[in-house]
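K.L.:
Sharing a structure with you now.
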Amino acid sequence: MSADIKASDVRKSYQLEDGGTLSVIEGLSLNVAQHEFVALVGPSGCGKSTLLDLLAGFQKPDSGSIMFLGQPVGRPSPRGILITQKGSVFPWISAWRNLTFVLNGMPEEARISRAQHYLELVGLQDFASAFPYQLSGGMLQRLELARALVVKPEVLYMDEPFGSLDALARLRMRQELLRIRREEPQTTVLVTHDVDEAIALADRIFVLSQRPMRIMRIVEVGIDHPRSMADPRAVALKSSILHDLGAIGE
Amino acid sequence: MLGTIALAKEGVLVHHIAASLMRVAVGYFGAVALAIPLGVAMGWYPPIYRALNPVIQMLRPISPIAWIPLAILWFGVGNASPIFLILLSSFFPMVVGTIAGVHSVERQYIRAAENFGITGMKLLRDVIVPAAMAQIVTGMRIGLGVAWLVVVAAEMVAINSGLGFLIIDSRNAGNRYDLVVAAMVIIGVIGFGLDLVMRRLELIDSVRWRYVR
């Protein structure tokens with residue numbers, strides 16, 4: 001498997017207003033293979049979102065290199081789409097227009113069939129003409145996913161994508177995501193503080209430390225799908241990761 | 001009141017209302033055509049904002065009335081003077097509203113557009129303007145209110161038609177305060193009607209989403 005993303009010794013700090021510097025990431029290296037699903041799990045405020053910003057090209061590292069498909073990461077591009085908890089589906093156009101709008105410079109026919117395919121893939125074919133404010137939180141997040149996939153990115157970056165959903169909708173989105181992955185495998189980097197979510201979805205889990213961020217441990221999940229959270233291996237994995245994160249005692 | 005009915009019957013009233021509305025329409029749409037593109041450019045490109053904002057903020061507090069002598073000097077006593085004053089006075093609330101609208105566009109939409117490779121005119125036209133539209137429309141409502149306010153003042157000087165002229169002429173031609181008050185009421189009613197028309201703009205897709213909870 002070729003590495004889609006290769007970060008080596010990445011450092012990032014911010015200038016504070018009082019003149020000091022806040023070191024967010026100190027010498028972090030990671031590889032993500034093609035079609036692999038990687039989850040980054042860490043405490044809130046540890047710099048997970050900054051890391052995704054760096055990987056997707058929204059920010060530049062102070063030092064170190066980030067290679068994407070063998071080339072240094074430049075500006076953000078449709079080759080790596082970032083989905084966040086806030087949601088960025090354009091609220092002034094319909095679900096359908098959200099998909100066709102981002103398909104720039106494609107022949108009309110290809111656009112329509114592509115948009116149709118992805119709207120169906122996320123189960124929103126009956127809501128093509130609905131506006132985002134008419135959709136539920138879960139549907140909105142599915143639309144967000146469809147809009148990301150419609151441009152056929154090489155990588156999907158997800159920053160707490162289901163963070164604003166209720167517990168039930170979040171479980172459903174996991175199943176959706178796994179189903180979509182079975183149909184169309186996609187290199188994915190998921191940032192989350194939900195250990196269950198990471199175990200349910202990822203091939204590998206990177207456990208991250210408090211700021212300044214470093215990788216404490218890389219875990220191969222190695223449980224076949226469909227995974228059950230009651231699986232003894234999942235239970236053991238969860239408690240060991242929570243232990244790493246200091247969320248449970250000895 | 002009888003005088004008003006007489007005026008209406010003679011078609012004089014319609015003539016004055018039409019004259020005022022025509023001036024407002026020309027001046028106002030001229031201001032829209034200038035203020036919205038300029039506001040978008042100023043809101044989006046910081047160098048343009050830094051260069052032009054001081055000029056705009058300095059001109060903005062000058063009452064349109066203060067411009068009347070210059071307007072007459074530059075444009076004479078025809079229609080051009082009041083149209084200029086309307087354009088000038090409705091321009092400012094719209095340009096300020098548009099700038100504020102562009103400045104308050106949520107970062108996640110700008111980032112998404114960047115991520116999908118949407119740039120240049122397409123970015124401005126299809127992302128920034130719709131995201132800012134609610135505030136642009138608010139500016140347009142205020143702008144139209146100001147335009148209607150100013151047309152009356154402008155018509156009291158250097159022109160012989162319109163509702164402003166009707167007011168000043170009614171007083172001068174024998175203290176016809178019944179006509180003065182009638183004209184004032186008509187101004188109020190038309191202003192209300194214009195705002196109702198403007199509120200229809202809140203139903204367009206790029207505005208409505210802001211108001212849905």
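Where a number appears in this text, it was derived from the coordinates with a stated rule and is not lab data. Since we're looking at a predicted model, the values are computed, not measured. Ideal geometry is used to build each Cβ from the backbone, glycine not excepted, and the neighbour counts take in all protein chains shown.
K.L.:
In degrees from 0 to 90, rounded to the nearest 10, what is the angle of the helix B:46-59 Cα long axis to the longest principal axis of chain B?
P.N.:
20
K.L.:
Just from its helices, what would the mean residue ellipticity at 222 nm be for chain B, if runs of 4 or more DSSP H residues each count -39500 (n - 2.57) and the sum is divided by every residue, rounded to the nearest 500 deg cm²/dmol?
P.N.:
-26000 deg cm²/dmol
K.L.:
On to the next question. Using only alpha-carbon positions, what ratio does the radius of gyration of chain B give when scaled by 2.2 N^0.38 Å?
P.N.:
Relative to the rule-of-thumb radius for its length, chain B sits at 1.20.
K.L.:
Using +1 on the beta carbon of Lys and Arg, -1 on that of Asp and Glu, and nothing else charged, what's the dipole of chain A about the Cα centre, debye to 20?
P.N.:
Taking the Cα centre of chain A as origin, the dipole is about 280 debye.
K.L.:
A further question follows. So what is Rg over Rh here for segment A:140-250, counting just Cα atoms and using Kirkwood for Rh?
P.N.:
Rounded to two decimals, Rg over Rh is 0.96.
K.L.:
Could you state the orientation-averaged shadow area of the convex hull built on the Cα atoms of segment B:38-156, in nm² to one decimal?
P.N.:
So the Cα hull casts an average projection of 8.1 nm².
K.L.:
Using only Cα atoms and rounding to the nearest 10 degrees, what angle (0 to 90) does helix A:232-244 make with the longest principal axis of chain A?
P.N.:
60
K.L.:
How much net charge surrounds A:V235 when only the other residues with a Cβ under 12 Å from the Cβ of A:V235 are counted, with Lys and Arg +1 and Asp and Glu -1?
P.N.:
With Lys, Arg at +1 and Asp, Glu at -1, the net is +1.
K.L.:
What is the Rg over Rh value, at two decimals, for the protein assembly as shown, using alpha-carbon atoms and the Kirkwood definition of Rh?
P.N.:
Checking Rg against Rh, the ratio lands at 1.15.
K.L.:
Choose one of A:A230, A:I93, A:G45: the residue whose Cα lies farthest towards the positive end of the charge dipole of chain A (beta-carbon charges +1 Lys, Arg; -1 Asp, Glu; about the Cα centre).
P.N.:
After comparing all options, I get A:I93.
K.L.:
Specify which residue in the list A:Q15, B:G30, A:A110 is farthest towards the positive end of the charge dipole of the protein assembly as shown, using unit charges on the beta carbon of Lys, Arg (+1) and Asp, Glu (-1), about the Cα centre.
P.N.:
Of A:Q15, B:G30, A:A110, it is B:G30.
K.L.:
Could you tally the net charge around B:V96, taking each other residue with its Cβ under 15 Å from the Cβ of B:V96, Lys/Arg +1 and Asp/Glu -1?
P.N.:
+2
K.L.:
Turning to a different aspect of this structure: If you wrap a convex hull around the C-alpha atoms of segment A:1-83 and split its volume per residue, what is the figure in Å³?
P.N.:
Here the figure is 108 Å³ per residue.
K.L.:
What number comes out for the charge environment of B:V152, summing +1 per Lys or Arg and -1 per Asp or Glu over other residues with Cβ under 13 Å away?
P.N.:
Neighbour charge sum, excluding B:V152 itself: -1.
K.L.:
State the three equivalent ellipsoid semi-axes of chain A, derived from the C-alpha gyration tensor as the square roots of 5 times its eigenvalues, in descending order and whole Å.
P.N.:
30, 23, 17
K.L.:
Further, regarding this structure: For peptide B:205-211, how many partner chain Cβ atoms fall within 10 Å of a residue's Cβ, on average?
P.N.:
Across the residues of B:205-211, the mean count of other-chain Cβ atoms within 10 Å is 4.
K.L.:
In a Debye calculation with equal point scatterers on the alpha-carbon sites of segment B:1-93 and no solvent, what is log10 I(q)/I(0) at q = 0.11, 0.14, 0.16 Å⁻¹?
P.N.:
Computed log10 I(q)/I(0) values: -0.46, -0.65, -0.78.
K.L.:
Volume per residue, Å³, of the convex hull around the alpha-carbon atoms of segment B:90-197?
P.N.:
Taking the convex hull of the Cα positions in segment B:90-197, it is 106 Å³ per residue.
K.L.:
Of all trypsin sites (Lys or Arg not before Pro) in segment B:101-141, which ones are in loop regions per DSSP and have a Cβ with at most 15 other Cβ atoms within 10 Å?
P.N.:
Loop-located and lightly packed - none at all.
K.L.:
How would A:K152, A:K12, A:K6 line up from fewest to most surrounding beta-carbon atoms within 10 angstrom?
P.N.:
Lowest to highest Cβ neighbour count: A:K152, A:K6, A:K12.
K.L.:
Sticking with this one: Averaged across the residues of A:82-90, what count of C-beta atoms belonging to other chains lies within 10 Å of each residue's C-beta?
P.N.:
Mean partner-chain Cβ count within 10 Å for A:82-90: 5.
K.L.:
To the nearest 20 debye, what charge dipole does chain B have about its Cα centre, counting +1 at the Cβ of each Lys and Arg and -1 at the Cβ of each Asp and Glu?
P.N.:
460
K.L.:
Give the average, rounded to an integer, of partner chain Cβ atoms located within 10 angstrom of each Cβ in A:70-78.
P.N.:
2
K.L.:
Considering the dipole of segment B:79-200 built from charges on the beta carbon (Lys and Arg +1, Asp and Glu -1) around the Cα centre, which of B:N172, B:T138, B:V105 is farthest to its positive end?
P.N.:
Final value for the positive-end residue is B:V105.
K.L.:
Taking the Cα centre of segment A:32-159 as origin, work out the dipole magnitude from +1 charges on Lys and Arg Cβ and -1 charges on Asp and Glu Cβ, in debye rounded to 20.
P.N.:
180
K.L.:
Also, I was wondering about something else. Measuring from label point to label point, each 7 Å out along Cα→Cβ, what is the A:A167 to B:D178 span in nm?
P.N.:
7.7
K.L.:
Given that compact globular proteins tend to follow 2.2 N^0.38 Å, what is the ratio of the alpha-carbon Rg of segment A:1-45 to that value?
P.N.:
That works out to 1.53 for segment A:1-45.
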